[in-house]
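All of the numbers you see were taken from the coordinates with simple rules; none came from a lab. The structure presented is a predicted model; accordingly, all values stated were derived computationally and were not measured. No Cβ is skipped: glycine too gets one built from the backbone with ideal geometry, and neighbour counts run over all protein chains shown.
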């Protein structure tokens, strides 16, 4: 299987258009990374989706090893995304 166990997932923001220009937030823009203690290995190749009619957004991603976890995206009071917390 291809890929890397220590793959990370980051985000950038486009405030004018979905086509860019994009900027990374101040601080860390990593929302998912390998966490050996929680058995999360190489999260990546993902997609963000919305449940129609709600303000809820989710992150589904392929994990190194073939699992496809789905986690709700949460934001800070300043509007930045928090780390994804997948609970196996």
*Yes or no: residue 84 surrounded by 17 or more Cβ atoms within 10 Å (Cβ to Cβ) and in contact with a strand residue (DSSP E or B) (Cβ under 6 Å, 6 or more places away or on another chain)?*
yes
*asked:* Return the residues of region 67-84 that are under 13 Å from residue 9 (Cβ atoms), in a strand (DSSP E or B) and free of Cβ contacts under 8 Å to residues at least 40 places away in the same chain; say none if nothing qualifies.
replied: 71
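Just for region 48-66: of the residues that are in a loop (DSSP other than H, G, I, E, B) and under 15 Å from the mean Cα position of the chain (by Cα), which one is surrounded by the fewest Cβ atoms within 10 Å (Cβ to Cβ)?
So the residue we want is 56.
When region 28-47 is examined, which residues are found to be surrounded by 11 or more Cβ atoms within 10 Å (Cβ to Cβ) and farther than 14 Å from residue 8 by Cα?
Once the filter is applied, which keeps residues that are surrounded by 11 or more Cβ atoms within 10 Å (Cβ to Cβ) and farther than 14 Å from residue 8 by Cα, region 28-47 yields 38, 39.
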